[in-house]
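The values are calculated or read from the model by the stated rules, or taken from the named source; none is laboratory data. The structure displayed is predicted, hence computed values, not measured ones. Note that we place each Cβ from the backbone using ideal geometry, even for glycine, and neighbour counts take in every protein chain shown. Each accessible area value is taken on the protein alone, full model and side chains, heavy atoms only, with ligands, DNA and RNA left out. Shrake-Rupley method; radii C 1.70, N 1.55, O 1.52, S 1.80 Å.
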Number of protein chains: 2
Amino acid sequence: MTFEELLNDPRLGQALKSDVPTPLYHQVYLFLKEKIHLGDIPFGEKMPTEHQLSEAFQVSRITAKRAMDELAEEGYISRRRGKGSHVIYKHRAEQLAAPLSGLLENLKVLGEETQVRSIDFKRAIPPLDIQERFGLAPNEELIQSVRVRLTDGIPFGYYVSWTRDIGEGYNEMSLQQSTRLDLFKSAGIALDNVEQSITATLSNMDTALVLEIPTGRPLLLLDRSMYDAEGKLIDHLYAIYRPDKYQFDMKFSMK
Amino acid sequence: MTFEELLNDPRLGQALKSDVPTPLYHQVYLFLKEKIHLGDIPFGEKMPTEHQLSEAFQVSRITAKRAMDELAEEGYISRRRGKGSHVIYKHRAEQLAAPLSGLLENLKVLGEETQVRSIDFKRAIPPLDIQERFGLAPNEELIQSVRVRLTDGIPFGYYVSWTRDIGEGYNEMSLQQSTRLDLFKSAGIALDNVEQSITATLSNMDTALVLEIPTGRPLLLLDRSMYDAEGKLIDHLYAIYRPDKYQFDMKFSMK
DNA sequence: CACTATTTGTCCGTATGTATG
DNA sequence: TCATACATACGGACAAATAGT
(Lines give C-alpha, C1' and ligand atoms only; values in the text may rest on other atoms or scores of the structure.)
Protein backbone atom coordinates (compact mmCIF):
# COMPACT_ATOMS: atom_id res chain seq x y z
CA MET A 1 0.00 0.00 0.00
CA THR A 2 1.19 3.51 -0.74
CA PHE A 3 0.07 6.77 0.75
CA GLU A 4 -1.33 7.79 -2.61
CA GLU A 5 -4.23 5.42 -2.17
CA LEU A 6 -4.80 6.31 1.45
CA LEU A 7 -4.90 10.02 0.90
CA ASN A 8 -7.52 9.86 -1.81
CA ASP A 9 -10.09 8.92 0.80
CA PRO A 10 -12.25 12.04 1.13
CA ARG A 11 -13.26 11.00 4.65
CA LEU A 12 -9.84 12.06 5.91
CA GLY A 13 -10.94 15.65 5.63
CA GLN A 14 -13.52 15.02 8.34
CA ALA A 15 -11.56 12.37 10.23
CA LEU A 16 -9.73 14.63 12.64
CA LYS A 17 -10.96 15.74 16.06
CA SER A 18 -12.39 13.30 18.51
CA ASP A 19 -14.02 14.10 21.84
CA VAL A 20 -10.63 15.14 23.23
CA PRO A 21 -9.16 18.48 22.15
CA THR A 22 -5.98 16.96 20.75
CA PRO A 23 -3.89 19.27 18.54
CA LEU A 24 -4.33 18.76 14.81
CA TYR A 25 -0.62 18.25 14.15
CA HIS A 26 -0.61 15.44 16.70
CA GLN A 27 -3.60 13.69 15.17
CA VAL A 28 -1.95 13.74 11.77
CA TYR A 29 1.25 12.52 13.40
CA LEU A 30 -0.57 9.62 15.04
CA PHE A 31 -2.20 8.63 11.77
CA LEU A 32 1.09 8.51 9.90
CA LYS A 33 2.99 6.86 12.72
CA GLU A 34 0.51 4.02 12.90
CA LYS A 35 0.77 3.33 9.18
CA ILE A 36 4.52 3.10 9.50
CA HIS A 37 4.44 1.13 12.71
CA LEU A 38 2.12 -1.54 11.36
CA GLY A 39 4.26 -1.95 8.30
CA ASP A 40 1.54 -0.65 5.97
CA ILE A 41 4.15 1.75 4.64
CA PRO A 42 7.42 -0.15 4.56
CA PHE A 43 11.04 0.92 4.83
CA GLY A 44 12.16 3.14 1.98
CA GLU A 45 8.69 4.14 0.87
CA LYS A 46 8.18 7.78 -0.04
CA MET A 47 6.01 9.76 2.33
CA PRO A 48 3.34 12.12 1.03
CA THR A 49 4.44 15.72 0.58
CA GLU A 50 3.44 18.36 3.06
CA HIS A 51 1.16 19.78 0.40
CA GLN A 52 -0.57 16.43 -0.18
CA LEU A 53 -1.11 15.99 3.51
CA SER A 54 -2.56 19.43 4.00
CA GLU A 55 -4.95 18.76 1.11
CA ALA A 56 -6.00 15.35 2.37
CA PHE A 57 -6.59 16.38 5.97
CA GLN A 58 -7.76 19.88 5.18
CA VAL A 59 -5.13 21.52 7.35
CA SER A 60 -2.46 24.12 6.63
CA ARG A 61 0.94 23.18 5.34
CA ILE A 62 2.49 24.27 8.64
CA THR A 63 0.38 21.73 10.51
CA ALA A 64 1.24 18.94 8.12
CA LYS A 65 4.89 19.94 8.33
CA ARG A 66 4.88 19.80 12.10
CA ALA A 67 3.44 16.28 12.05
CA MET A 68 6.22 15.23 9.68
CA ASP A 69 8.85 16.99 11.77
CA GLU A 70 7.80 14.98 14.81
CA LEU A 71 8.02 11.77 12.80
CA ALA A 72 11.54 12.73 11.73
CA GLU A 73 12.51 13.61 15.29
CA GLU A 74 11.44 10.17 16.48
CA GLY A 75 13.39 8.48 13.75
CA TYR A 76 10.53 7.22 11.63
CA ILE A 77 11.33 9.19 8.48
CA SER A 78 14.14 11.13 6.86
CA ARG A 79 13.49 14.54 5.36
CA ARG A 80 15.52 16.08 2.53
CA ARG A 81 14.56 19.25 0.79
CA GLY A 82 13.86 18.77 -2.89
CA LYS A 83 13.82 15.03 -2.39
CA GLY A 84 10.94 14.45 -0.07
CA SER A 85 10.51 12.37 3.07
CA HIS A 86 11.09 8.65 3.24
CA VAL A 87 10.34 5.94 5.79
CA ILE A 88 13.48 4.78 7.60
CA TYR A 89 11.71 2.69 10.22
CA LYS A 90 12.22 -1.02 9.71
CA HIS A 91 9.08 -2.91 10.51
CA ARG A 92 9.37 -6.32 12.04
CA ALA A 93 6.22 -8.32 12.62
CA GLU A 94 5.71 -8.41 16.35
CA GLN A 95 5.63 -11.71 18.11
CA LEU A 96 2.70 -11.71 20.46
CA ALA A 97 3.51 -13.85 23.45
CA ALA A 98 0.68 -16.32 23.75
CA PRO A 99 1.58 -18.91 26.37
CA LEU A 100 -1.85 -19.33 27.86
CA SER A 101 -4.72 -21.59 27.01
CA GLY A 102 -7.88 -22.08 28.94
CA LEU A 103 -8.71 -20.75 32.33
CA LEU A 104 -7.04 -23.31 34.54
CA GLU A 105 -3.66 -23.66 32.91
CA ASN A 106 -3.79 -19.93 32.50
CA LEU A 107 -3.85 -19.41 36.25
CA LYS A 108 -1.16 -22.00 36.89
CA VAL A 109 1.23 -20.46 34.44
CA LEU A 110 0.62 -17.12 36.04
CA GLY A 111 1.45 -18.49 39.46
CA GLU A 112 4.80 -19.75 38.32
CA GLU A 113 6.10 -16.96 36.19
CA THR A 114 4.73 -13.92 37.94
CA GLN A 115 4.53 -12.36 41.36
CA VAL A 116 1.57 -11.07 43.31
CA ARG A 117 1.63 -8.01 45.51
CA SER A 118 -1.19 -7.50 47.96
CA ILE A 119 -2.45 -3.93 48.12
CA ASP A 120 -5.32 -4.36 50.52
CA PHE A 121 -7.01 -7.20 52.37
CA LYS A 122 -9.91 -6.64 54.73
CA ARG A 123 -13.48 -7.35 55.70
CA ALA A 124 -15.78 -4.65 54.47
CA ILE A 125 -19.26 -3.87 53.26
CA PRO A 126 -19.09 -4.13 49.48
CA PRO A 127 -20.48 -1.55 47.06
CA LEU A 128 -24.05 -1.82 45.89
CA ASP A 129 -23.50 -3.77 42.69
CA ILE A 130 -21.57 -6.45 44.56
CA GLN A 131 -24.18 -6.56 47.35
CA GLU A 132 -26.82 -7.26 44.78
CA ARG A 133 -24.89 -9.98 43.04
CA PHE A 134 -24.26 -11.80 46.31
CA GLY A 135 -27.77 -11.10 47.54
CA LEU A 136 -26.48 -9.63 50.79
CA ALA A 137 -28.25 -7.83 53.59
CA PRO A 138 -27.27 -4.13 53.67
CA ASN A 139 -24.71 -4.50 56.47
CA GLU A 140 -23.27 -7.88 55.60
CA GLU A 141 -19.54 -8.00 55.08
CA LEU A 142 -17.33 -9.81 52.58
CA ILE A 143 -13.59 -10.19 52.28
CA GLN A 144 -12.09 -7.75 49.85
CA SER A 145 -8.69 -8.40 48.35
CA VAL A 146 -6.90 -5.92 46.09
CA ARG A 147 -3.82 -7.21 44.36
CA VAL A 148 -1.38 -6.41 41.61
CA ARG A 149 0.28 -9.05 39.49
CA LEU A 150 3.73 -8.40 38.09
CA THR A 151 6.09 -10.04 35.65
CA ASP A 152 9.75 -9.00 35.86
CA GLY A 153 8.70 -6.24 38.21
CA ILE A 154 6.26 -4.78 35.67
CA PRO A 155 2.66 -4.67 36.85
CA PHE A 156 0.23 -6.05 34.28
CA GLY A 157 -2.86 -7.08 36.21
CA TYR A 158 -4.94 -5.37 38.88
CA TYR A 159 -7.51 -7.38 40.79
CA VAL A 160 -10.33 -6.48 43.10
CA SER A 161 -12.10 -9.53 44.49
CA TRP A 162 -14.97 -9.96 46.92
CA THR A 163 -15.24 -13.35 48.61
CA ARG A 164 -17.49 -15.01 51.17
CA ASP A 165 -15.92 -16.05 54.44
CA ILE A 166 -14.36 -19.42 53.71
CA GLY A 167 -12.18 -19.82 56.79
CA GLU A 168 -8.70 -18.97 57.96
CA GLY A 169 -6.93 -20.50 54.99
CA TYR A 170 -7.90 -17.51 52.87
CA ASN A 171 -5.65 -14.72 54.08
CA GLU A 172 -3.24 -12.13 52.78
CA MET A 173 -0.23 -14.40 52.99
CA SER A 174 -1.72 -17.48 51.38
CA LEU A 175 -2.92 -15.32 48.49
CA GLN A 176 0.66 -14.50 47.59
CA GLN A 177 1.64 -18.15 47.41
CA SER A 178 -1.32 -20.12 46.09
CA THR A 179 -3.86 -19.50 43.40
CA ARG A 180 -7.27 -18.64 44.70
CA LEU A 181 -8.65 -21.76 43.07
CA ASP A 182 -6.36 -23.88 45.24
CA LEU A 183 -7.35 -21.92 48.33
CA PHE A 184 -11.01 -22.57 47.63
CA LYS A 185 -10.31 -26.24 47.17
CA SER A 186 -8.34 -26.42 50.42
CA ALA A 187 -11.22 -24.72 52.22
CA GLY A 188 -13.53 -27.46 51.03
CA ILE A 189 -15.44 -25.22 48.65
CA ALA A 190 -16.48 -27.07 45.52
CA LEU A 191 -16.70 -24.44 42.83
CA ASP A 192 -19.03 -25.44 40.09
CA ASN A 193 -20.03 -22.80 37.59
CA VAL A 194 -18.07 -19.83 36.41
CA GLU A 195 -19.49 -16.89 34.50
CA GLN A 196 -17.18 -14.34 33.09
CA SER A 197 -17.26 -11.54 30.58
CA ILE A 198 -14.45 -9.72 28.88
CA THR A 199 -14.66 -6.19 27.64
CA ALA A 200 -12.35 -3.27 26.94
CA THR A 201 -11.93 0.07 28.63
CA LEU A 202 -9.48 2.96 28.97
CA SER A 203 -6.99 3.52 31.74
CA ASN A 204 -7.97 6.31 34.08
CA MET A 205 -5.67 8.00 36.55
CA ASP A 206 -6.11 5.32 39.20
CA THR A 207 -5.51 2.32 36.99
CA ALA A 208 -2.79 4.14 35.07
CA LEU A 209 -0.84 4.72 38.27
CA VAL A 210 -1.17 1.12 39.42
CA LEU A 211 -0.26 -0.41 36.06
CA GLU A 212 2.44 2.17 35.35
CA ILE A 213 1.05 3.31 32.02
CA PRO A 214 -0.29 6.66 30.78
CA THR A 215 -3.98 7.43 31.02
CA GLY A 216 -6.07 6.76 27.95
CA ARG A 217 -4.46 3.42 27.10
CA PRO A 218 -6.64 0.42 26.24
CA LEU A 219 -7.21 -2.20 28.94
CA LEU A 220 -8.86 -5.58 29.16
CA LEU A 221 -11.55 -5.79 31.80
CA LEU A 222 -12.61 -9.15 33.19
CA ASP A 223 -15.73 -9.63 35.29
CA ARG A 224 -15.86 -13.12 36.80
CA SER A 225 -18.34 -14.78 39.16
CA MET A 226 -17.75 -18.23 40.63
CA TYR A 227 -20.58 -20.31 42.07
CA ASP A 228 -20.65 -23.45 44.19
CA ALA A 229 -22.74 -26.56 43.50
CA GLU A 230 -25.84 -24.99 45.05
CA GLY A 231 -25.54 -22.02 42.75
CA LYS A 232 -24.40 -19.74 45.56
CA LEU A 233 -22.03 -16.97 44.52
CA ILE A 234 -18.75 -17.53 46.35
CA ASP A 235 -16.42 -15.09 44.71
CA HIS A 236 -16.55 -12.11 42.42
CA LEU A 237 -13.55 -10.65 40.63
CA TYR A 238 -12.86 -7.53 38.64
CA ALA A 239 -9.55 -7.83 36.88
CA ILE A 240 -7.84 -5.24 34.71
CA TYR A 241 -5.03 -6.22 32.37
CA ARG A 242 -2.51 -4.40 30.24
CA PRO A 243 -3.06 -5.86 26.76
CA ASP A 244 0.60 -5.44 25.89
CA LYS A 245 1.51 -7.86 28.67
CA TYR A 246 -1.46 -10.16 28.87
CA GLN A 247 -4.19 -11.45 26.60
CA PHE A 248 -6.82 -14.13 26.73
CA ASP A 249 -5.93 -17.20 24.75
CA MET A 250 -8.40 -19.98 24.14
CA LYS A 251 -8.25 -23.29 22.38
CA PHE A 252 -11.21 -25.56 21.91
CA SER A 253 -12.57 -28.29 19.76
CA MET A 254 -15.69 -27.96 17.61
CA LYS A 255 -16.56 -31.64 17.77
CA MET B 1 -16.69 8.56 49.01
CA THR B 2 -16.24 12.34 49.01
CA PHE B 3 -13.80 14.43 47.05
CA GLU B 4 -12.05 15.36 50.29
CA GLU B 5 -10.55 11.88 50.48
CA LEU B 6 -9.69 11.74 46.80
CA LEU B 7 -7.92 15.05 46.72
CA ASN B 8 -5.60 14.22 49.58
CA ASP B 9 -3.81 11.76 47.33
CA PRO B 10 -0.47 13.43 46.60
CA ARG B 11 -0.12 11.41 43.39
CA LEU B 12 -2.67 13.69 41.75
CA GLY B 13 -0.06 16.37 41.46
CA GLN B 14 1.89 14.15 39.08
CA ALA B 15 -1.07 12.39 37.53
CA LEU B 16 -1.71 14.77 34.67
CA LYS B 17 -0.23 14.60 31.17
CA SER B 18 -0.12 11.42 29.20
CA ASP B 19 1.59 10.77 25.88
CA VAL B 20 -0.98 12.94 24.11
CA PRO B 21 -0.74 16.72 24.47
CA THR B 22 -4.18 17.06 26.02
CA PRO B 23 -4.96 20.41 27.70
CA LEU B 24 -4.70 20.42 31.47
CA TYR B 25 -8.23 21.71 32.00
CA HIS B 26 -9.55 18.81 29.97
CA GLN B 27 -7.60 16.23 31.94
CA VAL B 28 -8.99 17.60 35.18
CA TYR B 29 -12.44 17.61 33.60
CA LEU B 30 -12.09 13.96 32.59
CA PHE B 31 -11.00 12.97 36.08
CA LEU B 32 -13.97 14.64 37.73
CA LYS B 33 -16.45 13.48 35.12
CA GLU B 34 -15.43 9.87 35.58
CA LYS B 35 -15.88 10.03 39.35
CA ILE B 36 -19.38 11.39 38.84
CA HIS B 37 -20.20 9.02 36.02
CA LEU B 38 -19.24 5.92 37.96
CA GLY B 39 -21.29 7.03 40.93
CA ASP B 40 -18.25 7.46 43.17
CA ILE B 41 -19.54 10.93 43.89
CA PRO B 42 -23.32 10.65 44.07
CA PHE B 43 -26.13 13.10 43.40
CA GLY B 44 -26.16 16.07 45.75
CA GLU B 45 -22.55 15.69 46.88
CA LYS B 46 -20.54 18.89 47.19
CA MET B 47 -17.78 19.31 44.66
CA PRO B 48 -14.32 20.48 45.72
CA THR B 49 -13.65 24.21 45.48
CA GLU B 50 -11.58 25.61 42.65
CA HIS B 51 -8.88 26.31 45.19
CA GLN B 52 -8.83 22.71 46.44
CA LEU B 53 -8.64 21.42 42.89
CA SER B 54 -5.80 23.71 41.92
CA GLU B 55 -3.90 22.57 45.03
CA ALA B 56 -4.52 18.89 44.44
CA PHE B 57 -3.60 18.88 40.75
CA GLN B 58 -0.93 21.56 40.99
CA VAL B 59 -2.58 23.78 38.41
CA SER B 60 -3.78 27.37 38.51
CA ARG B 61 -7.23 28.26 39.77
CA ILE B 62 -8.30 29.34 36.29
CA THR B 63 -7.53 25.89 34.93
CA ALA B 64 -9.52 24.25 37.71
CA LYS B 65 -12.35 26.69 37.08
CA ARG B 66 -12.47 25.87 33.42
CA ALA B 67 -12.75 22.15 34.15
CA MET B 68 -15.66 22.85 36.48
CA ASP B 69 -17.27 25.15 33.92
CA GLU B 70 -17.27 22.34 31.38
CA LEU B 71 -18.84 19.98 33.89
CA ALA B 72 -21.57 22.53 34.54
CA GLU B 73 -22.10 23.09 30.84
CA GLU B 74 -22.65 19.36 30.33
CA GLY B 75 -25.12 19.18 33.17
CA TYR B 76 -23.05 17.22 35.65
CA ILE B 77 -22.86 19.89 38.37
CA SER B 78 -24.58 23.10 39.42
CA ARG B 79 -22.48 26.14 40.30
CA ARG B 80 -23.73 28.83 42.68
CA ARG B 81 -21.67 31.71 43.88
CA GLY B 82 -21.09 31.54 47.62
CA LYS B 83 -22.64 28.09 47.80
CA GLY B 84 -20.16 25.99 45.88
CA SER B 85 -20.72 23.36 43.20
CA HIS B 86 -22.85 20.28 43.62
CA VAL B 87 -23.37 17.10 41.65
CA ILE B 88 -26.70 17.06 39.84
CA TYR B 89 -26.06 13.97 37.74
CA LYS B 90 -28.06 10.97 38.84
CA HIS B 91 -26.04 7.82 38.56
CA ARG B 92 -27.76 4.63 37.60
CA ALA B 93 -25.83 1.40 37.49
CA GLU B 94 -25.38 0.54 33.83
CA GLN B 95 -26.89 -2.60 32.48
CA LEU B 96 -24.32 -4.38 30.42
CA ALA B 97 -26.08 -6.27 27.69
CA ALA B 98 -24.86 -9.85 27.98
CA PRO B 99 -26.90 -12.08 25.73
CA LEU B 100 -24.09 -14.32 24.57
CA SER B 101 -22.50 -17.41 25.97
CA GLY B 102 -19.98 -19.63 24.29
CA LEU B 103 -18.81 -19.44 20.74
CA LEU B 104 -21.56 -21.33 18.98
CA GLU B 105 -24.66 -19.86 20.57
CA ASN B 106 -22.88 -16.58 20.31
CA LEU B 107 -22.79 -16.77 16.55
CA LYS B 108 -26.36 -18.00 16.27
CA VAL B 109 -27.73 -15.15 18.32
CA LEU B 110 -25.72 -12.76 16.23
CA GLY B 111 -27.18 -14.11 13.05
CA GLU B 112 -30.71 -13.58 14.26
CA GLU B 113 -30.54 -10.18 15.87
CA THR B 114 -28.04 -8.38 13.74
CA GLN B 115 -27.25 -7.60 10.13
CA VAL B 116 -24.10 -8.07 8.12
CA ARG B 117 -22.88 -5.67 5.48
CA SER B 118 -20.20 -6.84 3.08
CA ILE B 119 -17.49 -4.28 2.43
CA ASP B 120 -15.19 -6.29 0.25
CA PHE B 121 -14.97 -9.83 -1.07
CA LYS B 122 -12.19 -10.98 -3.34
CA ARG B 123 -9.35 -13.36 -4.04
CA ALA B 124 -6.05 -11.80 -3.16
CA ILE B 125 -2.55 -12.46 -1.94
CA PRO B 126 -2.70 -12.03 1.83
CA PRO B 127 -0.23 -9.97 3.86
CA LEU B 128 2.89 -11.62 5.20
CA ASP B 129 1.66 -12.58 8.66
CA ILE B 130 -1.33 -14.39 7.14
CA GLN B 131 0.85 -16.07 4.53
CA GLU B 132 3.00 -17.47 7.28
CA ARG B 133 0.10 -18.73 9.35
CA PHE B 134 -1.34 -20.58 6.37
CA GLY B 135 2.06 -21.70 5.21
CA LEU B 136 1.46 -20.37 1.70
CA ALA B 137 3.75 -19.98 -1.27
CA PRO B 138 4.52 -16.31 -1.97
CA ASN B 139 1.98 -15.92 -4.77
CA GLU B 140 -0.78 -18.13 -3.46
CA GLU B 141 -4.18 -16.51 -3.08
CA LEU B 142 -6.88 -16.75 -0.44
CA ILE B 143 -10.39 -15.38 -0.23
CA GLN B 144 -10.60 -12.18 1.72
CA SER B 145 -13.87 -11.01 3.16
CA VAL B 146 -14.32 -7.68 4.94
CA ARG B 147 -17.62 -7.20 6.72
CA VAL B 148 -19.36 -4.98 9.22
CA ARG B 149 -21.94 -6.26 11.66
CA LEU B 150 -24.73 -3.95 12.77
CA THR B 151 -27.49 -3.98 15.33
CA ASP B 152 -30.32 -1.49 14.80
CA GLY B 153 -28.24 0.14 12.11
CA ILE B 154 -25.32 0.74 14.49
CA PRO B 155 -22.06 -0.92 13.47
CA PHE B 156 -20.41 -2.79 16.33
CA GLY B 157 -18.15 -5.36 14.72
CA TYR B 158 -15.62 -5.19 11.90
CA TYR B 159 -14.25 -8.39 10.41
CA VAL B 160 -11.40 -9.22 8.11
CA SER B 161 -11.20 -12.91 7.29
CA TRP B 162 -8.89 -14.94 5.07
CA THR B 163 -10.20 -18.31 3.94
CA ARG B 164 -8.99 -21.18 1.78
CA ASP B 165 -10.95 -21.90 -1.36
CA ILE B 166 -13.82 -24.09 -0.20
CA GLY B 167 -16.06 -23.96 -3.27
CA GLU B 168 -18.83 -21.87 -4.74
CA GLY B 169 -20.99 -21.94 -1.61
CA TYR B 170 -18.73 -19.41 0.03
CA ASN B 171 -19.57 -16.13 -1.66
CA GLU B 172 -20.56 -12.59 -0.89
CA MET B 173 -24.27 -13.31 -0.86
CA SER B 174 -24.24 -16.44 1.25
CA LEU B 175 -22.12 -14.60 3.83
CA GLN B 176 -24.95 -12.17 4.43
CA GLN B 177 -27.43 -14.94 5.11
CA SER B 178 -25.61 -17.76 6.84
CA THR B 179 -22.97 -17.92 9.51
CA ARG B 180 -19.56 -18.87 8.26
CA LEU B 181 -19.67 -21.98 10.39
CA ASP B 182 -22.72 -23.17 8.48
CA LEU B 183 -21.05 -22.36 5.17
CA PHE B 184 -18.04 -24.44 6.13
CA LYS B 185 -20.28 -27.30 7.12
CA SER B 186 -22.22 -27.11 3.84
CA ALA B 187 -18.96 -27.16 1.95
CA GLY B 188 -18.06 -30.42 3.66
CA ILE B 189 -15.29 -28.90 5.75
CA ALA B 190 -15.09 -30.47 9.19
CA LEU B 191 -13.65 -27.85 11.43
CA ASP B 192 -11.93 -29.29 14.41
CA ASN B 193 -9.77 -27.02 16.50
CA VAL B 194 -10.17 -23.34 17.12
CA GLU B 195 -7.54 -21.07 18.60
CA GLN B 196 -8.41 -17.56 19.51
CA SER B 197 -7.02 -14.75 21.55
CA ILE B 198 -8.66 -11.61 22.82
CA THR B 199 -6.87 -8.38 23.48
CA ALA B 200 -7.65 -4.68 23.62
CA THR B 201 -6.63 -1.81 21.39
CA LEU B 202 -7.55 1.76 20.51
CA SER B 203 -9.66 2.91 17.60
CA ASN B 204 -7.65 4.56 14.88
CA MET B 205 -9.04 6.67 12.06
CA ASP B 206 -9.89 3.68 9.91
CA THR B 207 -11.69 1.67 12.56
CA ALA B 208 -13.27 4.77 14.06
CA LEU B 209 -14.87 5.63 10.72
CA VAL B 210 -16.20 2.12 10.19
CA LEU B 211 -17.58 1.70 13.70
CA GLU B 212 -18.84 5.29 13.88
CA ILE B 213 -16.98 6.23 17.04
CA PRO B 214 -14.25 8.79 17.77
CA THR B 215 -10.62 7.81 17.54
CA GLY B 216 -8.89 6.79 20.77
CA ARG B 217 -11.78 4.70 22.11
CA PRO B 218 -11.11 1.21 23.51
CA LEU B 219 -11.86 -1.77 21.29
CA LEU B 220 -11.86 -5.53 21.68
CA LEU B 221 -9.65 -7.33 19.20
CA LEU B 222 -10.21 -10.99 18.40
CA ASP B 223 -7.71 -13.13 16.53
CA ARG B 224 -9.18 -16.50 15.60
CA SER B 225 -7.78 -19.44 13.64
CA MET B 226 -9.88 -22.46 12.69
CA TYR B 227 -8.32 -25.79 11.71
CA ASP B 228 -9.72 -28.92 10.11
CA ALA B 229 -9.21 -32.48 11.37
CA GLU B 230 -5.78 -32.71 9.72
CA GLY B 231 -4.65 -29.59 11.54
CA LYS B 232 -4.75 -27.53 8.35
CA LEU B 233 -5.61 -23.88 8.84
CA ILE B 234 -8.85 -23.21 6.98
CA ASP B 235 -9.81 -19.76 8.13
CA HIS B 236 -8.30 -16.82 9.93
CA LEU B 237 -10.28 -13.93 11.33
CA TYR B 238 -9.45 -10.54 12.79
CA ALA B 239 -12.50 -9.06 14.45
CA ILE B 240 -12.82 -5.67 16.12
CA TYR B 241 -15.69 -4.93 18.46
CA ARG B 242 -17.08 -1.87 20.17
CA PRO B 243 -17.11 -2.85 23.85
CA ASP B 244 -20.19 -0.73 24.51
CA LYS B 245 -22.15 -2.91 22.11
CA TYR B 246 -20.50 -6.28 22.40
CA GLN B 247 -18.53 -8.24 24.94
CA PHE B 248 -17.34 -11.79 25.34
CA ASP B 249 -19.44 -13.78 27.76
CA MET B 250 -18.43 -17.24 28.88
CA LYS B 251 -19.99 -19.79 31.14
CA PHE B 252 -18.33 -23.03 32.07
CA SER B 253 -18.24 -25.71 34.66
CA MET B 254 -15.22 -26.46 36.83
CA LYS B 255 -16.11 -30.12 37.30
C1' DC C 1 24.82 24.34 -18.81
C1' DA C 2 20.42 26.68 -17.90
C1' DC C 3 15.52 26.08 -16.96
C1' DT C 4 11.78 24.22 -14.42
C1' DA C 5 8.95 21.70 -11.28
C1' DT C 6 9.02 19.67 -6.91
C1' DT C 7 9.80 19.62 -2.18
C1' DT C 8 11.42 21.02 2.15
C1' DG C 9 13.31 24.92 5.16
C1' DT C 10 12.66 29.41 7.00
C1' DC C 11 10.39 33.59 8.01
C1' DC C 12 6.50 36.88 8.42
C1' DG C 13 2.09 38.39 10.35
C1' DT C 14 -2.18 37.26 12.48
C1' DA C 15 -5.72 34.97 15.21
C1' DT C 16 -7.09 31.92 18.68
C1' DG C 17 -6.36 28.66 22.54
C1' DT C 18 -4.05 27.43 26.79
C1' DA C 19 -2.08 28.46 31.32
C1' DT C 20 -0.04 31.31 34.75
C1' DG C 21 -0.07 34.83 38.60
C1' DT D 1 -10.81 40.74 35.33
C1' DC D 2 -6.24 41.85 33.61
C1' DA D 3 -1.70 41.33 31.70
C1' DT D 4 1.51 38.06 30.07
C1' DA D 5 3.63 34.06 27.97
C1' DC D 6 3.59 30.29 25.17
C1' DA D 7 1.33 26.88 21.96
C1' DT D 8 -1.55 26.07 18.08
C1' DA D 9 -3.12 27.03 13.42
C1' DC D 10 -3.58 29.66 9.33
C1' DG D 11 -1.94 31.76 4.85
C1' DG D 12 1.55 33.81 2.31
C1' DA D 13 6.30 34.50 0.64
C1' DC D 14 10.83 33.33 -0.45
C1' DA D 15 15.13 30.50 -0.23
C1' DA D 16 17.60 26.18 -0.96
C1' DA D 17 18.28 21.41 -2.47
C1' DT D 18 17.02 17.80 -5.84
C1' DA D 19 15.81 15.72 -10.10
C1' DG D 20 14.52 15.77 -14.78
C1' DT D 21 14.37 18.12 -19.41
Worksheet item: Short version: ³J(HN,Hα) in whole Hz for each residue of the stretch A:179-186, in order, from phi by Karplus 6.51 cos²θ - 1.76 cosθ + 1.60 (θ = phi - 60°), x for Gly and Pro, what are they?
Response: 6, 5, 4, 5, 4, 4, 4, 4
Worksheet entry | Normalised contact order of the stretch A:114-213, rounded percent, pairs of Cα under 8 Å and 6 or more residues apart | 25 percent
Worksheet item: Within the stretch B:193-255, which GluC sites (Glu not before Pro) sit in a loop by DSSP and count at most 14 neighbouring Cβ atoms inside 10 Å?
Response: B:212, B:230
Worksheet, complete the sentence: Once residue A:132 and residue A:73 are pulled to full extension, the length gained, defined as 0.36 nm per residue separation minus their Cα-Cα distance, is 15.9 nm
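In what sequence, largest accessible area first, do A:78, B:54 appear using a 1.4 Å probe? Numbers along the way, then the final one.
Working: A:78 40, B:54 15 Å².
Solvent-accessible surface, decreasing: A:78, B:54.
Express the carbon and sulfur contribution to the solvent-accessible surface of the stretch A:158-238 as a percent, rounded to the nearest whole number, probe 1.4 angstrom. Intermediate values should be presented prior to the final figure.
Values: 1620 of 3380 Å².
Heavy-atom surface of the stretch A:158-238 belonging to carbon and sulfur, 1.4 Å probe: 48 percent.
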Worksheet item: Is the shape of the stretch B:41-88 best called rounded, prolate or oblate, per the rule: a/c under 1.5 gives rounded, else a/b larger than b/c gives prolate, else oblate, with a ≥ b ≥ c the square roots of the Cα gyration tensor eigenvalues?
Response: prolate
Worksheet item: What size of dipole, in debye to the nearest 20, comes out for the stretch A:110-255 about its Cα centre when the only charges are +1 on Lys and Arg C-beta atoms and -1 on Asp and Glu C-beta atoms?
Response: 320 debye
Worksheet item: Which of the lysines could a cross-linker bridge to residue A:90, judged by Cα under 30 Å and excluding same-chain residues fewer than eight apart?
Response: A:17, A:33, A:35, A:46, A:65, A:245, B:17, B:122
Item to complete: In whole Hz, with x marking every Gly and Pro, tabulate ³J(HN,Hα) for the stretch B:192-208 from phi via Karplus 6.51 cos²θ - 1.76 cosθ + 1.60, θ = phi - 60°.
Response: 10, 9, 10, 10, 9, 9, 10, 9, 10, 8, 10, 5, 9, 4, 5, 5, 4
Worksheet item: For a paramagnetic label modelled at 7 Å from the Cα of residue A:187 toward its Cβ, which residues of the stretch A:193-234 fall within the zone defined by backbone nitrogen distances under 16 Å?
Response: A:193, A:225-234
Item to complete: State, to one decimal in nm and shortest first, how far the label point of residue B:186 sits from each corresponding label point in the other identical copies (label point: 7 angstrom along Cα-to-Cβ).
Response: 5.6
Worksheet item: What distance in nm separates the simple spin-label points at residue B:34 and residue A:124, each placed 7 Å from Cα in the Cβ direction?
Response: 1.8 nm
Worksheet item: Placing a label point 7 Å from Cα toward Cβ, how far apart in nm is residue A:129 from its equivalents in the other copies, listed shortest first to one decimal?
Response: 3.1
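Enter the buried accessible area of the A/B pair, total of both sides, probe 1.4 Å, in Å² rounded to the nearest 100.
Numbers: alone 15700 and 15700 Å², together 26780 Å².
Result for this pair: about 4600 Å² buried.
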Practice prompt. Quick one: with label points 7 Å out along Cα→Cβ, list the inter-copy distances for residue A:229 in nm, shortest first?
Written response: 3.8
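Tell me whether the stretch A:131-177 comes out rounded, prolate or oblate; compute the Cα gyration tensor, take square roots of the eigenvalues as a ≥ b ≥ c, and use a/c under 1.5 as the rounded threshold.
Numbers: a/c = 4.26, a/b = 1.82, b/c = 2.34.
Verdict is oblate for the stretch A:131-177.
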Discussion item. Could you derive backbone 3J(HN,Hα) for the stretch A:63-77 from the dihedral phi with the Karplus parameters 6.51, -1.76 and 1.60 (θ = phi - 60°), listing whole Hz in sequence and x where the residue is Gly or Pro?
Written reply: 5, 4, 4, 5, 4, 5, 4, 5, 4, 5, 5, 8, x, 7, 9
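When only C-alpha pairs under 8 Å and at least 6 residues apart count, what is the relative contact order of the stretch A:190-255, in percent?
On the way: 103 pairs, mean separation 20.8, N = 66.
Reported as a whole number, the value is 32 percent.
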